[in-house]
Amino acid sequence: MNSEAAITVEDLTVAYGEKPVLWDVDLTVPSGVLMAIIGPNGAGKTTLIKAVLDLVNTAAGQVLIYGESYQKQRRLVGYVPQRGSVDWDFPTNVKDVVMMGRYGALGWLKRPGRQERDMALAALEKVGMSRYAERQISQLSGGQQQRVFLARALVQDALVYLMDEPFQGVDATTERAIVSLLQELRAQGRTVVVVHHDLQTVPEYFDWTALLNVRLIASGPVQEVFTEENLRLTYGGRVSFLRHGEPNGAPEAEKRTGERGI
Amino acid sequence: MDVPGLFSDLFFDYTLRTIALGSAILGIVSGALGSYAVLRKQSLLGDAMSHAALPGIALAFLLTGSKMPLVLIVGAAAAGWVATLFIMSIVNTTRVKYDTALGMVLSVFFGFGLVLLTIIQKRPDATQAGLDKFLFGQAAALLERDVVTMGILGASAILITMLLWKEFKLLSFDPDFASTLGFPVRILDIILTTLIVIAIVLGLQTVGVVLMSAMIVAPAASARQWTDNLGIMIILSAFFGALAGISGALLSASVPRLPTGPTIVVSVSVIVIVSMLLAPRRGILWRWWRERRQRGRLRLEGILEDLYSLALEHNDPGHAHSLSVLRLMSAGKGGVEKSLEILSERGLVRAVRPGEWALTTAGLEEAEKTMSERSGMSDER
């Protein structure tokens, strides 16, 4: 495994109009971690991912992937956008969407062929969607759409994955399947960064986390930084699900207040 | 109208052949490229660009004094481009939304174009004659050299679309993802928009600035109804465009002083209406018919299940039950008697006595099958 940091974000500032969305964020993501980015709505989680991918204009700062600029290392980075970011009524089928993950490696003008198709089918097998390869994407459920996007990222064969809410709108079974897939990616030495909403599952699913609210509040191993104090700093006084006097305690079932509940 | 005569003229009459060929080219190109405009939810961009082309045509004529189609097309394309740039910069630098910016630019450019056109027409010399044909289009004015120009431009546009097939597909479906793969999304966007501008200016002389956007939107929207495959959609859209183009142009050419724009729009509207109504899966009639059939099937299944559960309660598959009980169980949905008759025709139920019904052996199997199918379906995520 590479000892270098997978992602290095330095002095990153992003503003939409006059309002800063991200303010002077310094973040290092070590290679081979499974990291959750958490924070309230409007904290800039999606913007952080998009800034790393050069999809938004940054006011200041730079992003390095394994020590080099993102433009140079683009091929190493895979992306799973939010499910709602595309029109699922587009006239195409599941296999075609997954093959789009190979378009970058194919380069200009070349058409996807048998090799791309085989890779797409293998990725669909991995996410449990091989039965749906020929299905129209308009006929998929939310969880299936999410898995199609995951398969598309898998065929990118990236070293670093950035995923924007891959659990949004999926049922519990699918969520577990996705988590074990992410853990498998980490076991292969890849780095996975996930925008996550459910605080309850952070200690269970992830080994690394970043708490974000326009500024970076903390980042590091979950056991060290996923503390009541940091959560309070991130969410204001609104989080009360951790037991008192137990900074790293397990979530209490009867007091569940994920972000969505507030 | 002498239809057979018109058809023989189509092949042997020089003027009609030119008109039909030109209209077919414009239909193919606008149909194919319009597909991307529709899929990228930029249908109105075509409207704005075609209206904005009018001052470009007028200015090109004022500056050069020429009515050569190529000169006017270049003027139209330039004005369409400037309008698009205006729209983009308004959206990027102000809080004005896209549709508002579109509406503003469209009307300002079109108004300016009308003013220029009026000025031109008041000039004493006779050279201006025919420029106002660009408002509603006049296919009859097409010359062979116009058709050659249209053919070359159109073929280049289609060729580029075919070469950049996968890039345009990805750009239309998920531009952010395209960007992360390293494709220069902004440049691709400019190329695709330019191709749409070409498609529009190709049709201006024939269809006119007012109604040209119909040729961008309508064939593509119709084609989308019939297929879920991008390639087939584009081919179908080009075919619909050509069909509407040819029939509209011939209609206009056979009636004196009837402009082509309106006749083409009438033709393409027929295609739209038929597609919206009849297309399998997406068509209105198809959906209505399927819902009706579904409702009918559910009603039959419901009665079978009611009889089945009654039979279970009585521990006797052949136990007969009165119509009124079944009516009660179907919760006032009505049509119970008719459904029972249909079921008995299929041999699934039988009338033991008048007004008393029971499952047959086949009916028992059918009920068990549908019930297990339904519970199987709820397991499937």
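Quick note: the coordinates plus some simple rules give every number you see, no bench work behind them. In this text the structure is predicted, and so the values were computed from the model without any measurement. Glycine gets a Cβ as well: all are built from the backbone with ideal geometry, and neighbour counts include every protein chain shown.
Things to note:
- Working note: 222 nm ellipticity from helices only, DSSP H runs with n ≥ 4, each -39,500 (n - 2.57), summed and divided by the residues of the protein assembly as shown, gives -19000 deg cm²/dmol to the nearest 500.
- Stokes-Einstein D (µm²/s) once Rh is taken as the Kirkwood radius of the protein assembly as shown over alpha-carbon pairs, at 37 °C in 0.692 mPa s: 112
- Residues whose amide H lies under 5 Å from that of B:Thr360, counting only those 5 or more places away or on a different chain, are B:Val349, B:Arg350; hydrogens are built 1.01 Å from N in the peptide plane.
- The alpha carbon convex hull volume per residue for segment A:1-132 rounds to 166 Å³.
- Cβ-defined net charge surrounding A:Gln115, 14 Å radius [Lys, Arg +1; Asp, Glu -1]: +3
- Cβ-derived FRET efficiency at R0 45 Å, B:Thr361 paired with B:Trp165, nearest 0.05: 0.20
- Near B:Trp226: Cβ cut-off under 13 Å, other residues only, Lys/Arg at +1 and Asp/Glu at -1. The net charge is +2.
- Likely footprinting exposure, B:His314, B:His321, B:His51, fewest C-beta neighbours within 10 Å first: B:His314, B:His321, B:His51
- P(r) tail, segment B:286-380: Cα-Cα pairs separated by more than 19 Å, 39% of all pairs.
- Charge dipole (chain B, unit charges on Cβ, about Cα centre) - positive-most of B:Val71, B:Ile160, B:Thr100: B:Val71
- Segment B:106-238, relative contact order [Cα under 8 Å, separation at least 6], %: 30
- Taken over segment B:184-291, the alpha-carbon convex hull comes to 112 cubic angstrom per residue.
- Summing charges over neighbours of B:Arg145, with a neighbour being any other residue whose Cβ is under 15 Å away from its Cβ, gives 0 when K and R count +1 and D and E count -1.
- Taking 7 Å steps out from each Cα toward its Cβ at A:Leu109 and B:Arg145 produces label points 3.4 nm apart.
- The alpha carbons of chain B occupy a box of 98, 58, 35 Å along the principal axes, longest dimension given first.
- Ranking of B:Phe136, B:Phe240 by count of other Cβ atoms within 10 Å, fewest first: B:Phe136, B:Phe240
- Straight Cα distances below 15 angstrom link A:Lys126 to the aspartates and glutamates A:Asp118, A:Asp157, A:Glu175, A:Glu184, with same-chain residues fewer than 8 positions distant left out.
- Equivalent-ellipsoid semi-axes for segment B:125-259 (Cα gyration tensor, √(5λ), whole Å, largest first): 32, 18, 12.
- Debye intensity ratio I(q)/I(0), log10, segment A:140-195, q values 0.14, 0.21, 0.30 Å⁻¹ (C-alpha model): -0.33, -0.76, -1.41
- Alpha carbon centroid spacing (whole Å) that separates segment A:110-168 from segment B:241-300: 36
- Among A:Gly44, A:His197, A:Val98 the positive-end extreme of the charge dipole of chain A (Cβ point charges): A:Val98
- Measuring between alpha carbons in the structure, the pairs from B:Lys41/B:Lys169; A:Lys50/B:Lys166; A:Lys95/B:Lys166; A:Lys19/A:Lys45; B:Lys338/B:Lys369; A:Lys45/A:Lys95 lying more than 19 angstrom apart are A:Lys50/B:Lys166; B:Lys338/B:Lys369; A:Lys45/A:Lys95.
- Sorted fewest first by neighbouring Cβ atoms within 10 angstrom, A:Thr209, B:Thr194, B:Thr93, A:Thr174 come out as B:Thr93, B:Thr194, A:Thr174, A:Thr209.
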